[in-house]
Amino acid sequence: MFEKRRMAKSAILVVAGVVMGLIISSNFNLFTTGYTEEAKISKDAVDLLTRINEATAEVAGAVKPAVVNIASTKTVHMRGMSSPFDDPFFRQFFGDQFRQHNQPRDYKQSGMGSGVIVEKNGYILTNNHVIKDADDIKVRLSDKRVFKGKIVGADPKTDLAVIKIDAGNLPVVKLGDSDKLRVGDRVIAIGNPFGLNQTVTTGIISAKGRADVGIADYEDFIQTDAAINPGNSGGALVNVKGELIGINTAILSSTGGNQGVGFAIPSNMVKTVMASLIKSGKVVRGWLGVSIQPITADLAKQLGLKEERGALVADVMEGSPAERAGLQRGDVVTEFDGKAVGDATALKNMVAATPPGKDATVKFIRDGAVKTVKASIQELPVQAQIAAKYENQLKGVSVQNLTPEIRRAIGIPGKVAGVIVSDVDESSPVAGVLAQGDVIMEINKKKISNVKDYETTVARIKAGQNILVLVYRNGSTTYITL
C-alpha cells in the first residue's frame, strides 16, 4: 500500500515537472523572440535617413575648416580690498607700513571663443565680447596652425568684430541671405564650446527678428535650438547650402549651458557691419533724425490703425533728414526704402544699415491717410552716438545741444542751461529714470553747458559709480541720483 502511494506521488511530480518545463520553455521563447528577430525598418526609411546623414556630414565637413578657435588674454585691474589697516585710528599709531597690502594689482584673464574665416587673405568674423580689451589674440585653425590675431575693428552696438591673421589661401564660408530664412529651416552650428574644437550641432530656426534681448544696441537676432554653449560665441550658423546665415552670439539660460534658446546675428546685418569695419575700422550708420516708439494696442486704437505694426514718431530732431522731408510727431512709419516696418526696432536697424547720402522712400500714416516722402539719409552725428561710449550709469543716454528752436518748441526758460536728452535706450541703467526731454544742467555738481561739457564729464565717471544729476523737467529742477 505504501509502495503504491509512493509511485502515485512520483507520477504526480513527473507530470508537474513536465508541465512546468513546458511553461518555462514557452516563456523563454517569448522572452527571447524580440532579440532574435530583426527590427522591421523599411528600405525607404533607411535610405531617407542615410541621405540626411550624408547631407549633414557633407555640409559640416565643408564648413568646419573655416571655423577657428580664438583665445584672448587681457589685463584686468583689480582694486584693493578694504582693510582694517586703512582705519585712521590704526594708522595714527602704526603709520602706513601695512597699507601696501591694499594696493591695486593687475592680473591676466583668459577667454575663449570662435570665429569664421570670410576672406581668403585672413579676415575673420567674431563677436566683440570675445576680443574686447584683449592684449593678445591667438587664432587656431582647423589644421592646428596657430596665428597671432590683430583687431581690424569692433562694433559694440552689434557685438561684432573683425580680426585678421597673416595667412593666405584660407578656407572660407560664403555669406548667405538671412532675409530668406524661414522659421523651421534646418541649420547647423559650428564652434568651440568649452574649448572643444570643431563641435557640430544641428537644429532649426526657432524664430526671427528677436529684439529687446538686452545683448546689443542693434538687435535682430535669429533664434535657434541648435545647441550653443559658452565658447560658441563668434562661431558659424549655416544653412543646408553651407552658407553663413548667422554669427552665434548668446544663449538664454538659467544654468549657463544650452537650454535650446540660442541667438545669432543675421548675415545681412553682419555684411554691412563687416564691410564698414574693414573699410574704415568703424561702423558708419545712417541717421534719419527721429525718436520712435513701438505701436501698442492702445496706441493703435487711438491712432485709428488697423493693426499693431509700424513705428510711431515721438519726436523729430531739428535740422535732421526727417525734418527736411516733412515728417512730424505722431506719424506712423509703415515702410522704409521699400521694406515693411514691423516695429520700432526694425526701423532703427533699417535706417542704421542705410548708407549716408542715399535718398530713402519713407511711407507713413498721418491722420488716417497714407503719405510718402523722400529723406536724404545722413551719417549718425557724434552727439547721437554718445550712448555707446560709456560703461557707467549714463550708458544708453543720447543728448544734444539746447538750441533756441528747441527752447521755443518745448518751452524751456532762457535761464536753464544744459543739454537735452534726445533718447534713452531701453537697456540703459537709467531707463525709466531719465526721459526724453529732460534737460541735464549739472553732473556731480559740475555745470553742463553743451555736448562737449557732457562728454568730458561723463567720460571721467567709472562703471558702478553713483552720479548726481540736476535735471530740469516739467517746469522745475530736481536732483536725481543715478
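How big is the range 297-346 on each of its three principal axes, counting only the C-alpha atoms and giving the largest first in Å?
Dimensions of the range 297-346 along the principal axes of its Cα atoms: 32, 24, 16 Å.
For the range 268-389, what is the accessible area per residue in Å² when the probe is 1.4 Å?
49 Å²
Quick query: amide H of residue 419 versus all other amide H atoms, modeled in the peptide plane; which residues come in under 5 Å with a sequence gap of 5 or more or a different chain?
Hits under the 5 Å cutoff: 440.
How many Å² of accessible area per residue for the range 205-250, probe 1.4 Å?
30 Å²
Ignoring ligands, DNA and RNA, what percent of the accessible area of the range 223-284 is carbon or sulfur (1.4 Å)?
55 percent
For a quick protection proxy, order the peptides 120-130, 431-441, 43-53 by their average other-Cβ count within 10 Å, most packed first.
Highest mean packing first, the order is 120-130, 431-441, 43-53.
State the extension gain, in nm to one decimal, for the chain segment bounded by residue 183 and residue 43, taking 0.36 nm per residue of separation less the distance between their alpha-carbons.
That works out to 47.4 nm of additional length.
Once you place label points 7 Å from the Cα toward the Cβ at residue 284 and residue 169, how far apart are they in nm?
Here the answer is 3.5 nm between the modelled labels.
Could you please state how large a percent of the accessible area of the range 309-433 is carbon and sulfur, counting protein chains only and using a 1.4 Å probe?
Roughly 48 percent of what the probe reaches on the range 309-433 is carbon or sulfur.
In square angstrom, what is the accessible area per residue of the range 122-189 with a 1.4 angstrom probe?
Per-residue accessible area for the range 122-189 comes out at 49 Å².
Given the alpha-carbon gyration tensor of the range 147-197, what are the semi-axes of its equivalent ellipsoid in whole angstrom, ordered largest first, with each equal to the square root of 5 times an eigenvalue?
25, 16, 14
Using label points projected 7 Å from each Cα along Cα→Cβ, tell me how many nm separate residue 299 and residue 110, to one decimal.
If labels sit at residue 299 and residue 110, their model points lie 4.9 nm apart.
Do any GluC sites (Glu not before Pro) in the range 251-345 lie in a DSSP loop with no more than 12 other beta carbon atoms within 10 Å, and if so, which?
In loop regions of the range 251-345 (DSSP not H, G, I, E or B), the sparsely surrounded GluC sites (Glu not before Pro) are 307.
Let me check against my output: what whole-number percent is the relative contact order of the range 198-295, with C-alpha pairs under 8 Å and at least 6 apart?
Relative contact order here is 21 percent.
Test of the criteria: in the range 220-284, which trypsin sites (Lys or Arg not before Pro) are in a DSSP loop and have at most 13 other Cβ atoms within 10 angstrom of their Cβ?
241, 282
Given R₀ = 41 Å, FRET efficiency for residue 415-residue 379 by Cβ-Cβ distance, to 0.05?
With a Förster radius of 41 Å, E is 0.75.
How charged is the neighbourhood of residue 273? Take every other residue with its Cβ under 14 Å from the Cβ of residue 273, and add Lys/Arg as +1 and Asp/Glu as -1.
0
Semi-axes of the equivalent ellipsoid for the range 111-219, please: Cα gyration tensor eigenvalues, times 5, square-rooted, ordered largest first, whole Å.
Taking √(5λ) for each eigenvalue gives 25, 18, 14 Å, largest first.
The values are calculated or read from the model by the stated rules, or taken from the named source; none is laboratory data. Note that the structure is predicted; figures quoted are calculated from it, not measured. All Cβ positions, glycine included, derive from the backbone under ideal geometry; neighbour counts span all protein chains shown. Ligands, DNA and RNA are stripped out before the accessible areas are found, and what is left, the full protein with its side chains, is counted by its heavy atoms. Shrake-Rupley method; radii C 1.70, N 1.55, O 1.52, S 1.80 Å.
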